[in-house]
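Heads up, the thing below is written out as structure tokens.
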Amino acid sequence: MRLRLILLVLSLLAFLSASAGGYLYYSSLREAAHKEAETRTVSRLEMIKKNLSFFLSENIKPVKTLAGMRELGQALIRPSGDSLSEANVILDHFKETLNVEVCYLTDHEGNTIASSNRNSPDSFVGENFAFRPYFRKGIRGLAATYLALGTASERRGAYYSHPVYGEERDAPAGLAVIKASIDLIEKELNLNDDEIVLVTDPSGIVFISSREEWLYTSLKKLSSEEMSQIASSLQFGEGPWLWTGLETKGQKYSADRSGNEYLTHRSEIDNYPGWHVIHLQSLRAISKRVSDPLIQITGDITLMLSILVGISVFILYRRASCEIIRRKRVEKALRESEERYRAIYHNAPAMLHSINNEGDLVRVSDHWLKALGYTDKNEVIGQKLSRFLTEDSGRYLEEVIIPEFFKTGFCNEVPYQFVKKDGGIIEVLLSAIGERDADGNIVRSLAVSIDVTERKHAEESLKRAKEELSIYSKDLERQVKKRTEEISSILKYTPNVVYIKDREGRYLLINSRYEDLFGVKNEEIRGKTDYDIHPGELAEQFRAGDMEVLSEGCSSQSEEIVPHTDGSHTYLSVKFPIYNESGAASGVGGISADITETKKAQDQLRRLSGNIMARQEKERAAIARELHDELGQILTALRMDSVWLKKRLEETDAKAAERSLTMCDLIDQTIEDVRGIAMRLRPGVLDNLGLVDALEWFTADFERRTGITCIFEHFNVPMISGEIATSAYRIAQESLTNVARHADASRTEVLLKVEDGVLTLTVVDDGLGFSTSDLAEAEGLGVAGMRERAALVRGVLDVQSMPGEGTRVYFKLKIED
């Protein structure tokens, strides 16, 4: 009895000691867990805050870039269908690239004029956002960020705005705004089940929450005045913003209405004054981190005691357990092996199938079905393999291959022709091995068929190509021989000089004309340079032309003056690079034609044309003087007589007086027409004041007569008269006449300027235009006359035009300083 009491007391003492030790151990673990949880919570909060700050600031630079796009400024300054379309394209591009909810553009009054959601039911186009704080800051020239619930879309978003300036850049013409969805931010928080993250505004309204029921609630009880202010801002919808029921307990703890307690930390978000991110960690979860390991330790002790009690049973079943475990491992490995085999069988990019000793299909791979155009295995399983072959291949399979295969268990690269479901033919090479049963008998095959259809076609094509190449080679040899004979005849009998040199300028070939002119033979000149044959200055001229062709890699045309015994001759030389097999320029070829007589004829023709045009200008001036002096005076006298007659008839015959007044008006109009004809024949302002004033008068007269807007600009133009002024004036006159007759233009521009001693005259219109390749000099556009006038003063005239894109006439001339 005493022994039992002692054992009972000792047991009680052991129990009390274990309980006290367990309690102290549990308390220390809980305190350590709270400290660890607090440290982890602070780190977690900082990480979440950094992620939020990153998400909320990632579009600040993109919106600045968006605001700097020229198309947005054009849409605000000159809103039109085209400018708004270009702005919408930019907004669509930024929306897709940034993966944001919407990008839109507002004018200086807050009205949305372009938006990437313009085609959506909740389109922003036409909406006014002047009440938003980001607009008020943006219109003052400041970039802004803003978190709010959309009034049009009723979806939360982070708004990024930046002012858009016009051409003057003195004040914003509007705002570019990017709205990013808050839903994406919430998905990226990656929260655990035992933690809650809230984002609140300065008033305590929950704007972002991992607990959906707390969204748009308040962390504190709001007064009616505070609710009125929040409602007037339209930042979080129309309310009401109920209290979450979350009460603070000290600095680090809080509890909700259900009595759940949380370890609480908060931190202000960067760049969003008054906005906080709040992290709530469940105390119950923290305590669970302590209790679970303790229970695990107690469980281990209990398990050890149970093992001691049941060790005998464990020994009895040990061998059985080991055998069960081994079998399970074997079964698992077998299943994995079977799954790998099945995956390889069906996913291999080859046609696999198996047949039994009757020739029936028992298994096919997915690629086999796809290659033959079948979708359901039930269509083929159980069918004879020969059914899917051509008649010859099927007969060969059943009569030869199957009997031989089920004897040897092997076949290699047997050619077959499969028939697809749609009737197409596939050429294959089939190889197979046999699967044997426990007795070693072959029960089925495992066959692989390789599609060689394309290879067969390629082999046939290659064979045909070889035959065609042989025929082509023989024909090419014949053509080369023929062309060689033709080229030899050309080189021998052409009146032009022909030669070929290598990159160093050494002659490789000259024709007979070169031999006659310079007194050398082809055999003698080969390997020599121009410096060995011609005078130094002439050799330098030839070598410079060769180097230009080699450096630029393209042909060139130039005139070369070469001295001969009968005087200097002018040659029109065309030089071109000669390429080797690797594509590199290995030398220079040249063909020179003697154009001495042609040049003389051209000079005579130019002088003759100049004399004709000079006489023409004199005749025009004389006719203009006659019109102005003779006919003008006669018309003036007639007008005076008409006025006198009108005054005499006013009292006696009113109708005659009215008729005299009509005569006066008609004579005035005739005088004006005569003066205009005289000015257009030869404007006196061209002789008296020079080219600039003459063109200014003519463009103004052209605009008055035709109704086509004509703008004349001139820059740095000195006093120009004589033949140059006449040619430039006539070219401008003819160009504008063509505009009035043929272009159907609404606007034309005339630009006259002098840069670096070069006079340029440009006439541009926005008319119908035409194809310059179809331009004929006899079509009445006067292009030949303009070119001739330009050539007389040693200038260049160029006409550029395309259908629907207007015409540009360009005249360039080097003038004396």
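The values are calculated or read from the model by the stated rules, or taken from the named source; none is laboratory data. Note that this is a predicted model, so its numbers are computed, not measured. When we count neighbours, we look across all protein chains shown, and the Cβ atoms used for this are built from the backbone with ideal geometry, even at glycine. To get the accessible areas, we keep the full protein, side chains included, count just its heavy atoms, and leave off ligands, DNA and RNA. Shrake-Rupley method; radii C 1.70, N 1.55, O 1.52, S 1.80 Å.
Leu768 falls short on exactly one of the conditions (1) surrounded by fewer than 20 Cβ atoms within 10 Å (Cβ to Cβ); (2) in contact with a His (Cβ under 9 Å, 6 or more places away or on another chain); (3) under 22 Å from Asp693 (Cα atoms), and that condition is (3).
Taking into account only those residues within segment 737-763 that are among the charged types (D, E, K, R) and closer than 17 Å to Ala700 by Cβ, which is surrounded by the fewest Cβ atoms within 10 Å (Cβ to Cβ)? Explain how you work it out, then say what you get.
First, the residues of segment 737-763 that are among the charged types (D, E, K, R): 741, 744, 747, 749, 753, 755-756.
Next, only the ones that are closer than 17 Å to Ala700 by Cβ stay: 747, 749.
Details: Arg747: 14, Glu749: 16.
By that ranking, first place goes to Arg747.
Screening segment 437-469 for residues that are more than 47 Å from the chain's Cα centre (by Cα), surrounded by 11 or more Cβ atoms within 10 Å (Cβ to Cβ) and of a type outside the set (Val, Ile, Thr) and picking the one that is farthest from Leu361 (Cα to Cα) gives Asn441. Among the criteria (1) modelled with pLDDT of 90 or more; (2) farther than 22 Å from Glu713 by Cα; (3) not hydrophobic (A, V, I, L, M, F, W, C), the one Thr807 does not fulfil is (2). The residues listed here are Leu52, Leu72; of these, the one that is under 50 Å from the mean Cα position of the chain (by Cα), at pLDDT below 80, open to solvent by less than 50 Å² (accessible area, probe 1.4 Å) and not polar (S, T, N, Q) is Leu52. When the residues of segment 531-574 are filtered to those that are out of contact with any Gly (no Cβ under 9 Å at 6 or more places or on another chain) and of a type in the set (Val, Ile, Thr), the one that is nearest to Glu515 (Cα to Cα) is Ile533.
Hey, can you tell me all the residues within segment 452-479 that are polar (S, T, N, Q) and within 29 Å of Ala350 (Cα to Cα)?
Let us first name the residues in segment 452-479 that are polar (S, T, N, Q), namely 453, 461, 470, 473, 479.
Of everything in segment 452-479, those that are polar (S, T, N, Q) and within 29 Å of Ala350 (Cα to Cα) turn out to be Thr453, Ser461.
Residues Ile510, Ile500: which one is surrounded by 10 or more Cβ atoms within 10 Å (Cβ to Cβ), hydrophobic (A, V, I, L, M, F, W, C) and free of Cβ contacts under 8 Å to residues at least 40 places away in the same chain? Break it down stepwise before answering.
On the way: Ile500 fails: free of Cβ contacts under 8 Å to residues at least 40 places away in the same chain.
From the options Ile510, Ile500, the qualifying one is Ile510.
Residues that are of a type in the set (A, V, I, L, M, F, W, C) and touching a Cys at 6+ places or on another chain (Cβ under 9 Å) number at least 3 in the following strands (runs of 3 or more DSSP E) confined to segment 104-207: 172-181. Scanning segment 513-540 for residues that are in a loop (DSSP other than H, G, I, E, B) and not aliphatic (A, V, I, L, M) turns up Gly519, Lys521, Arg526, Gly527, Lys528, Thr529, His534, Pro535. Arg156: under 19 Å from Gly237 (Cα atoms) and among the basic types (Lys, Arg), yes or no? Yes. Of Val206, Val177, all but one fail to be surrounded by 20 or more Cβ atoms within 10 Å (Cβ to Cβ), without any contact (Cβ under 8 Å) to a residue 60 or more places away in the chain, within 25 Å of Tyr134 (Cα to Cα) and β-branched (Val, Ile, Thr); the exception is Val206.
Being in a strand (DSSP E or B), open to solvent by 60 Å² or more (accessible area, probe 1.4 Å), modelled with pLDDT of 80 or more and touching a helix residue (DSSP H, G or I) at 6+ places or on another chain (Cβ under 9 Å) is the filter here; which residues of segment 541-587 pass it? Result: Phe576, single match.
In contact (Cβ under 8 Å) with a residue 60 or more places away in the chain, of a type in the set (Asp, Glu) and either in contact with a Pro (Cβ under 7 Å, 6 or more places away or on another chain) or under 30 Å from Asn260 (Cβ atoms) (or both), is that true of Glu195? Taking the combined requirement at face value, the residue satisfies it.
Within the bounds of segment 271-282, is there any residue that is free of Cβ contacts under 8 Å to residues at least 24 places away in the same chain, in contact with a strand residue (DSSP E or B) (Cβ under 9 Å, 6 or more places away or on another chain) and either more than 21 Å from Asp201 (Cα to Cα) or in a strand (DSSP E or B) (or both)? No; the residues of segment 271-282 include none that is free of Cβ contacts under 8 Å to residues at least 24 places away in the same chain, in contact with a strand residue (DSSP E or B) (Cβ under 9 Å, 6 or more places away or on another chain) and either more than 21 Å from Asp201 (Cα to Cα) or in a strand (DSSP E or B) (or both). Highlighted here are the strands (runs of 3 or more DSSP E) found entirely within segment 334-434 that include at least 1 residues which are exposed (fewer than 12 other Cβ atoms within 10 Å of the Cβ): 410-419.
Looking at segment 790-817, which of its residues are assigned to a helix (DSSP H, G or I) and either open to solvent by 90 Å² or more (accessible area, probe 1.4 Å) or farther than 25 Å from Asp766 by Cβ (or both)?
Just the residues of segment 790-817 that are assigned to a helix (DSSP H, G or I), to begin with: 790-792.
Listed by number, the residues that qualify are Ala791, Leu792.
Based on this model, can you work out whether Leu91 counts as in contact with a Ser or Thr (Cβ under 8 Å, 6 or more places away or on another chain), open to solvent by less than 30 Å² (accessible area, probe 1.4 Å) and over 30 Å from Gly274 (Cα atoms)? Show your work before the answer.
Numbers: in contact with a Ser or Thr (Cβ under 8 Å, 6 or more places away or on another chain): yes; open to solvent by less than 30 Å² (accessible area, probe 1.4 Å): yes; over 30 Å from Gly274 (Cα atoms): yes.
For Leu91, the condition - in contact with a Ser or Thr (Cβ under 8 Å, 6 or more places away or on another chain), open to solvent by less than 30 Å² (accessible area, probe 1.4 Å) and over 30 Å from Gly274 (Cα atoms) - is met.
Pairing each residue of segment 252-269 that is farther than 16 Å from Ile286 by Cβ and modelled with pLDDT of 75 or more with any residue that is charged (D, E, K, R) and crowded, with 18+ Cβ neighbours inside 10 Å, provided the two are 6+ apart or on different chains, yields C-beta distances under 9 Å for Ser267/Lys49; Glu268/Lys49; Ile269/Lys49. Tell me, please, whether a residue that is part of a loop (DSSP other than H, G, I, E, B) and not aromatic (Phe, Trp, Tyr) can be found in segment 452-469. Looking for residues that are part of a loop (DSSP other than H, G, I, E, B) and not aromatic (Phe, Trp, Tyr), one finds at least one in segment 452-469, hence yes.
Could you list, ordered by first residue, the pairs with Cβ atoms under 9 Å in which the first is in segment 40-52 and under 13 Å from Asn271 (Cα atoms) and the second is open to solvent by less than 40 Å² (accessible area, probe 1.4 Å) and at pLDDT below 75, at least 6 apart or interchain? Between residues of segment 40-52 that are under 13 Å from Asn271 (Cα atoms) and residues that are open to solvent by less than 40 Å² (accessible area, probe 1.4 Å) and at pLDDT below 75, the close pairs are Leu52/Ile185; Leu52/Leu189. Checked against the criterion of being modelled with pLDDT of 75 or more and within 30 Å of Gly73 (Cα to Cα), the candidates Arg169, Arg156 yield just one match: Arg156. Confirm whether Lys421 is modelled with pLDDT under 85 and within 16 Å of His367 (Cβ to Cβ). Yes; evaluated as a whole, the condition is true for this residue.
Restricting to segment 263-274, what's the tally of residues that are surrounded by 14 or more Cβ atoms within 10 Å (Cβ to Cβ) and out of contact with any His (no Cβ under 9 Å at 6 or more places or on another chain)? Reasoning before the result, please.
Residues of segment 263-274 surrounded by 14 or more Cβ atoms within 10 Å (Cβ to Cβ): 263-267, 269-270, 272.
Of the ones still in play, those that are also out of contact with any His (no Cβ under 9 Å at 6 or more places or on another chain) are 270, 272.
Residues flagged as surrounded by 14 or more Cβ atoms within 10 Å (Cβ to Cβ) and out of contact with any His (no Cβ under 9 Å at 6 or more places or on another chain) within segment 263-274 amount to 2.
Just one of the listed residues (Asp668, Asp687) is open to solvent by 70 Å² or more (accessible area, probe 1.4 Å), modelled with pLDDT under 75 and not in a strand (DSSP E or B), and it is Asp687.
Given the condition closer than 25 Å to Glu38 by Cα, in contact with a helix residue (DSSP H, G or I) (Cβ under 8 Å, 6 or more places away or on another chain), of a type outside the set (S, T, N, Q) and open to solvent by 20 Å² or more (accessible area, probe 1.4 Å), answer yes or no: does some residue in segment 247-259 qualify? If you could, list the steps in order and put the result at the bottom.
Filtering segment 247-259 for residues closer than 25 Å to Glu38 by Cα gives 247-259.
Then keep just the ones that are in contact with a helix residue (DSSP H, G or I) (Cβ under 8 Å, 6 or more places away or on another chain); that gives 252-253.
Add one more test, that the residue is of a type outside the set (S, T, N, Q), and what stays is 252-253.
Keeping just the survivors that are open to solvent by 20 Å² or more (accessible area, probe 1.4 Å) gives 252-253.
Yes, segment 247-259 has at least one match.
Of all residues in segment 238-263, exactly one satisfies the criterion of being under 18 Å from Phe207 (Cα atoms) and part of a strand (DSSP E or B), namely Trp243. All conditions but one from (1) in contact with a Ser or Thr (Cβ under 8 Å, 6 or more places away or on another chain); (2) charged (D, E, K, R); (3) in contact (Cβ under 8 Å) with a residue 60 or more places away in the chain apply to Glu413; the one that does not is (3).
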